Amino acid sequence: MIAELRKQLETEAAEEEDNVQASIKLSLLFPKIFQKTKQEEEKTAMYGKVVLSFIFVLLLVFSYSIFIGTLDIRSYFFPRLKLPAAAPAPCAPEPPLRVFMYDLPRRFNVGMIDRRSASETPVTVEDWPAWPVNWGLKKQHSVEYWMMGSLLNAGEGREAVRVSDPELAQAFFVPFFSSLSFNTHGHTMKDPATQIDRQLQVDLMELLKKSKYWQRSGGRDHVFPMTHPNAFRFLRGQLNESIQVVVDFGRYPRGMSNLNKDVVSPYVHVVDSFTDDEPQDPYESRSTLLFFRGRTYRKDEGIVRVKLAKILAGYDDVHYERSVATEENIKASSKGMRSSKFCLHPAGDTPSSCRLFDAIVSHCVPVIVSDQIELPFEDDIDYSQFSVFFSFKEALQPGYMIDQLRKFPKEKWTEMWRQLKSISHHYEFEYPPKREDAVDMLWRQAKHKLPGVKLSVHRNRRLKIPDWWQRR
Ligand SMILES: *[C@@H]1O[C@H](CO)[C@@H](O)[C@H](O)[C@H]1NC(C)=O
């Protein structure tokens with residue numbers, strides 16, 4: 001027993017000795033290694049310097065020879081390519097976005113406009129119906145109609161072209177008129193009237209989920225115009241990942257709709273554009289200082305309008321008109337906006353409203369009162385060059401806003417008016433489409449979202465657990 005114990009102790013001691021010896025050996029070895037690396041380091045540094053100076057001299061000779069013209073870098077790198085001597089245009093147009101448009105039966109789109117035709121074959125450029133002239137306010141939300149038209153009839157130099165092979169597409173357009181579907185079928189928001197609106201959404205999702213291209217990206221590269229706040233209201237949650245074309249983010253949770261992936265569109269303006277606005281003195285020709293027309297009671301942020309009505313009462317040069325939008329009132333508004341220097345744009349039901357775009361095409365400098373507005377095309381357009389902004393707090397301070405507007409320098413106003421005239425074509429929805437019109441700008445914005453889409457698609461293919469960033 002004792003012998004056994006001693007033996008065990010001895011082996012333990014021996015082991016310990018081994019360890020000590022090992023660490024002594026290591027400490028002896030270590031300085032050697034250290035010295036060796038230090039020497040080597042010096043050597044490498046020396047070689048490095050030599051190589052660097054050699055490269056430097058080479059570069060110098062190289063660039064000098066380009067400079068004096070003995071070496072033609074173009075023919076050196078592209079021996080078979082004859083490049084023109086002149087430099088390329090500084091701003092060569094980018095290639096257009098290649099968009100595949102799903103062929104949907106007409107009940108999803110133009111069937112709601114031209115109801116006499118029972119045909120279900122997808123609409124073509126030959127039988128594309130005109131937007132009905134007597135539809136008044138429905139036009140505000142007709143972005144979907146103009147986007148579809150732009151793909152059917154995309155000409156040279158536009159931001160997007162339609163491709164017939166989905167394999168070549170960078171983005172997918174779903175031509176469902178979800179806003180018009182709500183306005184046509186779902187307006188009362190009561191069953192059974194709204195059933196058709198719901199059924200269209202159900203049928204559409206069924207169709208998309210069978211598509212290889214939807215599955216491949218989870219719908220991330222699919223573009224859906226949905227400008228009415230109630231558009232696609234039954235199944236909107238299934239489009240959380242897709243590129244939505246919206247007019248603002250007022251009503252949706254951030255996980256469903258946000259500036260990272262979605263595109264902000266202008267409303268389609270309802271007043272006629274001011275095409276011959278060429279007065280001698282535009283400032284003096286507009287006699288009203290500030291114009292506003294609209295209903296004074298709105299929900300949520302719109303409460304501010306009631307307060308503004310009180311604050312703006314009693315000024316001679318302020319025109320505050322309470323009216324609902326009828327065909328006749330729209331005409332009156334147009335006249336009012338064309339004879340005013342500034343047009344007030346307070347928050348409506350949602351932070352944006354049609355009024356702002358009516359002001360822009362009337363060349364009336366917008367006065368924007370909203371703390372939460374998102375504006376269309378803002379990565380291309382700087383609104384501060386032709387609009388004036390007030391916070392709610394400033395606007396509700398009695399006398400403050402009118403005082404600021406009266407003091408506003410004439411030259412600065414005139415410059416803003418000129419800017420408005422030069423950008424107002426970006427707010428035109430038209431058929432046939434034109435370069436840099438509203439829809440062209442929307443496609444450009446959609447193009448800007450694509451790098452984010454790609455990132456998101458690639459990451460989601462390899463993630464094993466839900467994304468901790470909560471980004472899409
Ligand atoms: C879409 O987003 C909303 C809000 O974040 C969420 O409540 C809903 O569950 C999401 N739907 C799907 C299908 O992921």
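Each value in this text was obtained by applying a stated rule to the coordinates, not by laboratory testing. Small disclaimer: the values here were computed from a predicted structure and weren't measured. Cβ placement follows ideal geometry from the backbone for every residue including glycine, while neighbour counts extend to all protein chains displayed.
In the stretch 171-237, taking the dipole from charged Cβ atoms about the Cα centre, the farthest positive-side position among SER179, LEU207, PRO192 is held by LEU207. For the stretch 342-472, the convex hull spanned by the alpha carbon atoms encloses 147 Å³ per residue.
Distant-in-sequence amide contacts of PHE377, defined by a placed amide H-H separation under 5 Å and a gap of 5 or more residues or a different chain, comprise VAL264. Calculated translational diffusion coefficient of the stretch 152-256 (25 °C, 0.890 mPa s; Stokes-Einstein with Kirkwood radius over alpha-carbon pairs) equals 164 µm²/s. Look at the alpha carbon pairs under 8 Å that are at least 6 residues apart: their mean separation over the length of the stretch 282-427 gives a relative contact order of 25 percent.
Evaluated over the stretch 97-264, the count of Lys pairs having alpha-carbon atoms less than 24 Å apart is 5 (only pairs 8 or more residues apart or interchain).
Based on the mean of other beta carbon atoms within 10 Å per residue, what is the order of 374-381, 406-413, 208-215, most packed first?
374-381, 208-215, 406-413
Under the combined filter of DSSP loop state and at most 10 neighbouring Cβ atoms within 10 Å, the stretch 110-182 retains these GluC sites (Glu not before Pro): GLU126, GLU156.
Restricting to Cα pairs below 8 Å that are 6+ residues apart, what does the relative contact order work out to for the stretch 221-301? Please round to a whole percent.
Over the stretch 221-301, the number comes to 23 percent.
Dividing the mean sequence gap of close Cα pairs (under 8 Å, 6+ apart) by how many residues the stretch 143-286 holds gives a relative contact order of 20 percent.
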